[in-house]
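The values are calculated or read from the model by the stated rules, or taken from the named source; none is laboratory data. Every value quoted in this text rests on a predicted model; they were computed, and no experiment measured them. Positions of Cβ are generated from backbone atoms using ideal geometry, with glycine treated the same way; all protein chains shown enter the neighbour counts.
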Amino acid sequence: MTEQEIKALVSLLDDDDKEVSRLIESEIRQQGGKIIPFLENEWESAGFNPNVQRWIEELIHELQYELTIERLTNWYNGGAIDLLEGLWVVATYQYPDLSLEKLRGDFEQFYYETWLEFKLDMHPIDQIRALNHVFFSKLKFGSNTKNFHSASNSMINVVLETKKGNPISLCCIYMIIAQRLNMPVYGVNLPNLFVLTYKKEAVQFYINVFNKGLVFMRSDIDHYIAQLNLKSNETFYQPCSNLDILKRVLRNLTLAFEKTGDTDKVKEVERMAAVLSEPLEQ
């Protein structure tokens, strides 16, 4: 579809005939994400017609959202291998122009700064201490205790910019850097808290990134579970998958929008979460 054809369609969005408007909207939706840049240009041109601008805004959001759903579906069907890509997809829900390559570049810089102080022949605890030093003292990451339930905590780009996050966002960043350094560090799904584990052969301990990288042991999890009056479950001690992590990120995002009363966004995020529970394509 040419730019002139798009202009012609947009000019009919506020047609008095509602059936015409409905057909035009349907035709625009069928064009998919590739039409978004043209719609953005038309939004600027429609400055004296707020009704048309509103329709364009709604159409752009719908198209961007469907693109996010498509990306999430592809990530899921592709095996949910790249955690950073999954986090990027979630962030594009609110930041549709976010660049995955820009995020990868940021993490390469984090890796380089950590690599300078890191040696593979270090004892595992010393490796974690070195990573903690860079992560908290040099890169200045820390806990977002003031806005713990904010939706921004689920947006990887915002956490990288502000250096503040919730347990799972901080753990994700920490884990991606650690794995880039070939460290056997993985996520662990605890009730009400997300932590990491260092697990290699007979060596296993845990890391609370939300608490300055505090190292703790299995017995500490036993005590934590007992305090919550829960039955012990092996999933509380073992690594979880990237898929599990993204599902939890989306649960946090749903909770954030529930707290602000944004029911439309709650429904949209719930649909995103549902994608990650659908039968895999064969």
Mind checking whether some residue in segment 226-233 is in contact (Cβ under 8 Å) with a residue 24 or more places away in the chain and either in a helix (DSSP H, G or I) or in contact with a Lys or Arg (Cβ under 8 Å, 6 or more places away or on another chain) (or both)? no
So in segment 129-171, with the set limited to residues that are in contact with a Leu (Cβ under 8 Å, 6 or more places away or on another chain) and assigned to a loop (DSSP other than H, G, I, E, B), which one is farthest from Thr254 (Cα to Cα)? Phe141
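Can you find a residue in segment 167-182 that is farther than 23 Å from Glu117 by Cα, surrounded by 22 or more Cβ atoms within 10 Å (Cβ to Cβ) and not β-branched (Val, Ile, Thr)? Steps first, please.
Step one: list which residues in segment 167-182 are farther than 23 Å from Glu117 by Cα, which gives 167-169.
When the remaining residues are screened for being surrounded by 22 or more Cβ atoms within 10 Å (Cβ to Cβ), the result is 167-169.
Of the ones still in play, those that are also not β-branched (Val, Ile, Thr) are 167, 169.
Within segment 167-182, one or more residues are farther than 23 Å from Glu117 by Cα, surrounded by 22 or more Cβ atoms within 10 Å (Cβ to Cβ) and not β-branched (Val, Ile, Thr).
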Checklist (1) within 17 Å of Phe141 (Cβ to Cβ); (2) out of contact with any Ser or Thr (no Cβ under 9 Å at 6 or more places or on another chain); (3) surrounded by fewer than 18 Cβ atoms within 10 Å (Cβ to Cβ) applied to Glu201, failing item: (1)
Collect the residues in segment 143-169 that are touching a residue at least 60 places away in the same chain (Cβ under 8 Å) and not aliphatic (A, V, I, L, M), keeping them in residue-number order. Ser143, His149, Ser150, Asn153, Ser154, Asn157, Asn166, Ser169
List, please: which pairs have Cβ atoms under 8 Å, are six or more places apart or on different chains, and start with a residue in segment 189-216 that is in a strand (DSSP E or B) and end with one that is of a type in the set (Asp, Glu)? Asn189/Asp244; Tyr206/Asp220
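Is it the case that Ala178 is at pLDDT 95 or above, in the same structural domain as Arg248 (by TED's automatic domain parsing) and closer than 25 Å to Ala273 by Cα? Lay out the reasoning, then the answer.
On the way: at pLDDT 95 or above: yes; in the same structural domain as Arg248 (by TED's automatic domain parsing): yes; closer than 25 Å to Ala273 by Cα: no.
Against the criterion (at pLDDT 95 or above, in the same structural domain as Arg248 (by TED's automatic domain parsing) and closer than 25 Å to Ala273 by Cα), Ala178 does not qualify.
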Please find, among Tyr95, Tyr186, Tyr174, the residue that is within 30 Å of Gln64 (Cα to Cα), touching a helix residue (DSSP H, G or I) at 6+ places or on another chain (Cβ under 8 Å) and not in a helix (DSSP H, G or I). Tyr95
Determine whether segment 108-122 contains at least one residue that is over 23 Å from Leu243 (Cα atoms) and touching a Ser or Thr at 6+ places or on another chain (Cβ under 8 Å). no
Among the residues of segment 238-282, write down those that are touching a Phe, Trp or Tyr at 6+ places or on another chain (Cβ under 9 Å), of a type in the set (A, V, I, L, M, F, W, C) and at pLDDT 95 or above. Cys240, Leu243, Ile245, Leu246, Leu253, Val266, Val269, Met272, Val275, Leu276
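Please state which one of Lys102, Lys119 is basic (Lys, Arg), surrounded by fewer than 13 Cβ atoms within 10 Å (Cβ to Cβ) and modelled with pLDDT under 95. Talk me through it step by step, then tell me what you get.
On the way: Lys102 fails: modelled with pLDDT under 95.
Checking each option against the conditions leaves just Lys119.
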Residue among Phe148, Phe194, Phe210, Phe216 that alone is farther than 27 Å from Gln127 by Cα and more than 14 Å from the chain's Cα centre (by Cα): Phe148
